[in-house]
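Below: one structure, written as structure tokens.
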Amino acid sequence: MGSLIECEDVWKIYRVGDVEVQALRGLSLTIAQGEFVAIMGSSGSGKSTLMNILGCLDQPTKGRYRLNGIEVDNLKPDRLAGIRNQQIGFVFQSFNLIPRTSALENAQLPLFYRGLSLKEQRAQAEAALRRVGLQGREQHYPTQLSGGQQQRVAIARALVTSPSLLLADEPTGNLDTQSSREIMKILETLNRDEGITIILVTHEMDVAASAAREIVIKDGQVLSDRVTKAKPTSSTVGV
Amino acid sequence: MSAFVWLTILTALRILARNRLRAGLTMLGIVIGVGSVIAMVSIGEGAKRAVQAQIATMGTNVIVIFPGVTSASGVRGSQGSAMTLTVSDALDLKKRIPLLADTAWAKRDVMQIVYGNRNWNGTINGVSPSYLTIRDWAFTSGGPFTQTDLDSAARVALIGQTVVENLFEPGEEPVGAVIRIKNVPFRVIGVLVPKGQSAQGADQDDVVFIPFSTAERKVFGTSFIGSVGAMFGSTDQVEDLPMAAEQIREVLRARHRLQAEQNDDFTIRTQVDIGKVQEGASETLTMMLFAVASVSLLVGGIGIMNILLVSVTERTREIGVRMAVGAKRRHILMQFLIEAITLSLVGGVLGIILGISGTKLTTLIAGWPTIISGNVIGVAFLFSLVVGLFFGLYPANKASRLNPIEALRYE
Ligand SMILES: Nc1ncnc2c1ncn2[C@@H]1O[C@H](COP(=O)(O)OP(=O)(O)OP(=O)(O)O)[C@@H](O)[C@H]1O
Ligand SMILES: [Mg+2]
């Protein structure tokens, strides 16, 4: 089995007026299926820029990015949308739920664009909400949920499509310690039990501790890349 | 796809319900535009139908010939002001023009009619017997006079409903009674079925018909013997009317020895011509109406576009989220288009309801005849759909072209 993510000499250059900002400078990275990676680095180092490219929301200015064996660095917007829908789940720092729309409908959203029947959408979204412990809150609006609960709805929305990759850019950045711990427990479970590859950006050491690999970015390049936990060999146990 | 469309419509309706006041104000232009079109078309159709019914009271496939020149609208001076048409003209027309099924002639004057101690100023018409058949005029009691009555200048009369009402007691039988016109006694032998107003607005039932010869010799005075106030012809087929009219013109010009440079000394109008004059008036009204409707629909459409642009800006982040989870350009485009169409269709339906109630109210209060056709409702519905589609296109396209990252980051 090949790697899930292969980045090769990826550059991202923004132009603001006459000023050129090099957010990523020839970054190369390989991540295998089933890994749990924490990305760290100081503010402005290019973490979010990298995440956007990995999530097919944005494309590199230069360089190659292969996801699941597909060259995605020069695909059309609609193809990228299809890939996001099929393979990628996002969790944002600011939750980004659709306002005045129930938890269930928020969790349904990706399936909506898959053209599933309403019944299937409902059933799968309910199951996803159950997995993040939100059974009984299906009809709540975002304003009727705590921050932690909102982030769990966002995770349900991300995993409802059974993605191969889950990207979380500072998912606990707006949460208290207790809620952060709950969110991280959910992510750990998803990675361990379902083999979903998780890439997480964080500034907090204890959050990063959940991951098995830690990549530090500086000035748009990989500064360090190390395994922090022994990888449990997938074939060994039926945990 | 159908689940997608259905859910998008539901979402659109929910958004409308949430911003009811804003949506209501946005739809107002459409509501008023559609409502006024339906009301005005219905009133116009009703008026047109009423005019058509009046024109039908003239008879079937009728041609009218007046002496003298008449203005295009058919308004004319008092009949008989020119004495250019004669009974022999009428007889000759029938002989020479096979297209004419029948011809008739008439002469009229307003005179006092006396019955017992009552009197009434009514229009006395001296007519040929064929006049009543050309005008399809039936009887409520009694019957017509005959050629024999014409030949013998019999003192017999046929009277219309208005005259009956003014001379006789309710329930009294006029047939057999003797009335006096200019002191000459006439026996009533028939009462005519009411025809109501003519296309020119005259009361057609305020009439007394007597044989033409009797009128000439015993009532109207002996000057201009043989001249007629108007001639009438009829054809079997409505398509023959223009041809018959042209042939009448040729025959009359020849009989009157008119040179090529001389104008006609008579005027010919077919039933179709008279109908066209009336229709022309209602067409002008229709044009004005469509101008009003277009302006309101335009204003309504711009309102929809404006509100949608606001909505796209307000919901930029939402659009970003939808794109992040896999919405393609066409999904976002469809979402906002469906919202626009929902807005305009709800406006259209409200407009249709308003238009129908307005129309019913007009009939109820002003007593005008109205006809609400399914066509106009269908067209109004279609128009609101097109307005929504057209004015929704720009905002929807704008939304669908947003960059997902910028949209997600939008504050
Ligand atoms: N749309 C943009 N236009 C111009 N410059 C940008 C844009 N987005 C990011 N940048 C620049 O790229 C660099 C990297 O930004 P990025 O958001 O990836 O940092 P980050 O590592 O996520 O920081 P933080 O930890 O604060 O979130 C910064 O210098 C930023 O100013
Ligand atoms: Mg960032």
Debye intensity ratio in log₁₀ form over the Cα atoms of the range A:155-197, taken at each q of 0.27, 0.29 Å⁻¹: -1.03, -1.12
Two-site label geometry, A:GLN139 and B:ASN263: point separation in nm, points 7 Å out along Cα→Cβ: 8.4
Computed over chain B, the ratio Rg/Rh where both radii use C-alpha atoms and Rh is Kirkwood: 1.25
Three-way shape call for the range A:30-100 based on the alpha-carbon gyration tensor, with the a/c threshold at 1.5: rounded
Mean ellipticity per residue at 222 nm, deg cm²/dmol - from DSSP H runs of n ≥ 4 across the protein assembly as shown, formula -39500 (n - 2.57): -15000 deg cm²/dmol
Gyration tensor (Cα) of the protein assembly as shown, equivalent ellipsoid semi-axes in angstrom: 95, 25, 18
Note, ³J(HN,Hα) from phi for the range A:204-221, Karplus 6.51, -1.76, 1.60, rounded to Hz, x at Gly and Pro: 9, 4, 5, 6, 4, 5, 5, 7, 9, 9, 10, 10, 10, 10, 9, 6, x, 9
Residues of type lysines that A:LYS12 reaches as a straight line, Cα spacing below 23 Å, ignoring anything fewer than 8 places off in the same chain: A:LYS47, A:LYS62, A:LYS76, A:LYS218
Label-point separation in nm, A:ILE13 to A:ASP176, each point 7 Å along Cα→Cβ: 4.8
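What does the accessible area per residue of chain B come to in Å², with a 1.4 Å probe and no ligands, DNA or RNA counted?
Details: 19670 Å² over 411 residues.
Result: 48 Å² per residue.
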Heavy-atom accessible area, 1.4 Å probe, ligands and nucleic acids excluded: residues of the range A:52-81 down by at least 20 Å² from chain alone: A:ASN52, A:LEU57, A:ASP78, A:ALA81
Solvent-accessible area buried by pairing A with B, both sides, nearest 100 square angstrom, 1.4 angstrom probe: 2300
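Cross-link list B:LYS195/B:LYS276; A:LYS119/B:LYS398; B:LYS94/B:LYS276; B:LYS107/B:LYS218: which exceed 23 angstrom alpha carbon to alpha carbon?
In this structure, A:LYS119/B:LYS398; B:LYS94/B:LYS276 lie more than 23 Å apart at Cα.
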At R0 = 35 Å, FRET efficiency that the Cβ-Cβ distance of B:ARG401 and A:ARG130 yields, to 0.05: 0.40
Using a Förster distance of 51 Å, the FRET efficiency for A:SER42-B:VAL299 (Cβ separation, nearest 0.05): 0.40
Protein accessible area in the protein assembly as shown, 1.4 Å probe - carbon and sulfur %: 56
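The values are calculated or read from the model by the stated rules, or taken from the named source; none is laboratory data. The structure displayed is predicted, hence computed values, not measured ones. A quick note on method: Cβ atoms are made from the backbone with ideal geometry, for glycine too, and the neighbour counts reach across all protein chains shown. The protein model used for the area step is the full one, side chains on, heavy atoms only, and it has no ligands, DNA or RNA in it. Shrake-Rupley method; radii C 1.70, N 1.55, O 1.52, S 1.80 Å.
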